[in-house]
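Before any comments, here is the structure.
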Amino acid sequence: MSSPNPSQNYLLAALPAAEFEPLATHLELVSLRLGEMLYEPGGQLSHAYFPTTAIVSLHYVMASGASAESAGVGNEGIVGVSLFMGGNTTPSAAVVQTAGHAYRLDSHKLSQEFKRAGPMQQLLLRYTQALMTQMAQTAACNRHHSLEQQLCRWLLLTLDRLPSNDLIMTQELIANMLGVRREGITEAAGNLQRAGVISYRRGHIAVLDRAGLEGRVCECYAVVRTELSRLLSDVRYRQ
């Protein structure tokens, strides 16, 4: 496994060297634990996070305690967009879905960099549009597509942020992400396992046939991936 490096995050890797080097001294490498709360609904955000190997779930919690994921953020993005979009709080929560590393940046430094109206601002605005697309598509998917299709979308988006086809994730956690009952996830995962697409055992999911997974997913996965690629298609990454 390679050593942690800021360039493992696509946004940081896309900054020109002249822009990245002064910023690098302000980046702090942190280890994020599974289930760790990076911020709570309505709480003040003190840092932004650029995940490298960790994945963070953005989700909304209802008054009843029920919750559902609105988007996931991995090495393609940043957690804490409200810091540069005009507010220091958000009604959503950010919880670590997959343990790993991230680089965090003080909120004041991020705001300062954004206001310079340089490459950082352009990257963050483009990524925010992609994040908004993911949120909107997730809402539509949860309303109009089957639970099995939703699970396939979630698995594929998660795989895109990981270096392997293995996920450490219980069915209960997935149910919480999708805002459904665990029994529904058990049935959907069972269908995929019987079809030879995945294997599941004690909180460990292995994708055996990615093409088969892509053949079962709804159009929402492609919409999210295509929009991210379109918005960052002309970005040049540092060597």
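The values are calculated or read from the model by the stated rules, or taken from the named source; none is laboratory data. Quick caveat: nothing in here was measured; it's all calculated off a predicted structure. For neighbour counting, all protein chains shown are included, and Cβ atoms are generated from backbone atoms with ideal geometry for every residue, glycine included.
When residues in the range 153-171 are screened for being of a type outside the set (Val, Ile, Thr), loosely packed, with under 15 Cβ neighbours inside 10 Å and either touching a residue at least 12 places away in the same chain (Cβ under 8 Å) or assigned by TED's automatic domain parsing to the domain that holds residue 97 (or both), 2 of them pass. Among the candidates 43, 65, the residue that is surrounded by fewer than 17 Cβ atoms within 10 Å (Cβ to Cβ), more than 12 Å from the chain's Cα centre (by Cα), part of a loop (DSSP other than H, G, I, E, B) and without any contact (Cβ under 8 Å) to a residue 24 or more places away in the chain is uniquely 65. Cβ-Cβ contacts under 6 Å between residues 6 or more apart (or on different chains), taken from a first residue in the range 81-94 that is modelled with pLDDT under 85 to a second residue that is surrounded by fewer than 13 Cβ atoms within 10 Å (Cβ to Cβ) and among the basic types (Lys, Arg), are absent.
At least 3 residues being over 19 Å from the mean Cα position of the chain (by Cα) and among the small types (Gly, Ala, Ser) is the threshold, and among the helices (runs of 4 or more DSSP H) wholly inside the range 173-239 those reaching it are 182-194, 210-216.
Mind checking whether some residue in the range 117-126 is assigned to a loop (DSSP other than H, G, I, E, B), of a type outside the set (Val, Ile, Thr), over 20 Å from residue 102 (Cα atoms) and out of contact with any helix residue (DSSP H, G or I) (no Cβ under 8 Å at 6 or more places or on another chain)? Within the range 117-126 (the criterion being assigned to a loop (DSSP other than H, G, I, E, B), of a type outside the set (Val, Ile, Thr), over 20 Å from residue 102 (Cα atoms) and out of contact with any helix residue (DSSP H, G or I) (no Cβ under 8 Å at 6 or more places or on another chain)), the answer is yes, since at least one residue qualifies. Among the conditions (1) farther than 18 Å from residue 7 by Cβ; (2) at pLDDT 95 or above; (3) not in a strand (DSSP E or B), residue 77 misses just one, which is (1).
If you filter the range 159-215 down to residues that are farther than 30 Å from residue 102 by Cβ and basic (Lys, Arg), you find that the one that is modelled with the highest pLDDT is 194. For the residues 38, 23, 34, 11, the requirement of being in contact with a strand residue (DSSP E or B) (Cβ under 9 Å, 6 or more places away or on another chain), within 23 Å of residue 154 (Cα to Cα) and in a helix (DSSP H, G or I) singles out 11.
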